[in-house]
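Asker: After the structure tokens below, expect a handful of questions from me.
Since every read-out is calculated from the coordinates, none of them should be taken as a lab result. Note that this is a predicted model, so its numbers are computed, not measured. Here the Cβ is made from the backbone with ideal geometry for all residues, glycine too, and neighbour counts use every protein chain on show.
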Amino acid sequence: MKDNNRQYNLSTIHLLLEQNGIKLLKSMGQNFLIDNNIPAKIVSYTDINKNSGVLEIGPGLGALTAELCKISGYVTAVEMDKRLIPILNDVFKEQENLSIVQGDILKLNIKDLVNKTMSGLNHHVCANLPYNITTPVITSLIESGVFNSITVMMQKEVAGRICANPGTPEYGAFTVFTNYHTIPEILFDVSPECFSPRPKVVSSVVKMKIRAERLLNNTDEKKFFKVVKAAFGQRRKTLVNALYAVFGNLHDKESIIKVVKTCGFDERIRGEVLSINDFIKLSELL
């Protein structure tokens, strides 16, 4: 519809699913928004406008899709559940700035899909991500290199990992990866009561603005992330021992200790307290 004002409440969702003989699958992490204020609130925090092409992942029954179509130039919505495609096609049959694509986002070439469906626009992501694929999806979106921002709802625990500070239990390799490529910010939390069926956890909406400039070149990035992965591979080990377990074929332990000390760290330090800049310095010297 060109002006889609469908109210996505509990009764509407149940009726749509019942009419189409659909039972939700836990394996797909399907939780549909029933609070109509949330989709509008999500898009209000984005940088999306009529010059924007938006990739939505897991539109479900289209609550967020409707809001995105109002403010953006074009929306490409990727839904894995084949059973929901007829519903989406019917609900949005008159929507001219929307493509509904059936497929698994983790198996699609994101860059090709975005460039094909939304050529000439600034590319953004806005989605209510299925909990069970949040981390690999965010990784794929960032690595595609085609987006200006990624605004997504996810499990609060994952949001905490993305925005964690060095030295905290939540801080890890995924934190470093997302913060290396983006500037993340937790916008607000969403209660389980806003969904049907209710998830067992609180959700958070996170906005990740892609960094305008890369911190390292391609070659140095590979070394950098190898060091990061090594540092967090065995969290109980000291940084020296963790690095030696991975780089022992290239450096003896004394050489690694020397590098760690040259960076200004105690040789007993653990990788979980290092910042991105610390890891950059370490990878350059190692």
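Asker: Quick check: from the Cα gyration tensor, does segment 218-285 come out rounded (a/c under 1.5), prolate or oblate? Numbers along the way, then the final one.
Answerer: On the way: a/c = 1.24, a/b = 1.17, b/c = 1.06.
Note, shape of segment 218-285 comes out rounded.
Asker: Follow-up question, since we're still on this one. Based on the mean of other Cβ atoms within 10 Å per residue, sort peptides 169-179, 232-242 so the most packed one is first.
Answerer: Details: 169-179: 19.2, 232-242: 17.3.
Final packing ranking: 169-179, 232-242.
Asker: Below 27 Å, Cα to Cα, which lysines can Lys93 reach? Residues fewer than 8 away in the same chain don't count.
Answerer: Those lysines meeting the cut-off are Lys2, Lys23, Lys41, Lys50, Lys70, Lys82, Lys107, Lys111, Lys116.
Asker: Can you order the peptides 58-68, 151-161 by their average number of other Cβ atoms within 10 Å per residue, highest first?
Answerer: Details: 58-68: 25.4, 151-161: 21.1.
The most tightly packed comes first, giving 58-68, 151-161.
Asker: Would you mind checking which residues have amide H under 5 Å from Asn128's amide H? H placed 1.01 Å from N; only 5 or more apart, or other chain.
Answerer: Close amide H contacts, sequence-distant or interchain: Ile57, Met153.
Asker: Of the peptides 259-270, 220-231, how do they stack up when ordered by the mean number of other Cβ atoms within 10 Å, highest first?
Answerer: Descending mean neighbour count gives 220-231, 259-270.
Asker: Say each of Thr262 and Arg235 gets a label point 7 Å from the Cα, pointing the same way as Cα to Cβ; how far apart are those two points in nm?
Answerer: 3.0
Asker: To continue, here is another question. Give the calculated FRET efficiency between Lys50 and Glu18 to the nearest 0.05, with a Förster radius of 51 Å applied to their Cβ-Cβ distance. Intermediate values should be presented prior to the final figure.
Answerer: On the way: r = 37 Å, r/R0 = 0.72.
Here the calculated transfer efficiency is 0.90.
Asker: Could you tell me which of Thr219, Val259, Asn249 has its Cα farthest along the dipole of segment 218-285 towards the positive end, charges placed at Cβ (Lys, Arg +1; Asp, Glu -1), taken about the Cα centre?
Answerer: Result: Asn249, furthest along the dipole toward the positive end.
Asker: Taking the alpha-carbon distance from Lys222 and a cut-off under 15 Å, which aspartates and glutamates remain once sequence neighbours fewer than 8 residues away in the same chain are dropped?
Answerer: Glu143, Glu284
Asker: How much of the DSSP bridge set in the chain is antiparallel, in percent, rounded to the nearest 5? Can you show the working numbers first?
Answerer: Details: 17 of 36 bridges.
Roughly 45 percent of the beta bridges in the chain run antiparallel, per DSSP.
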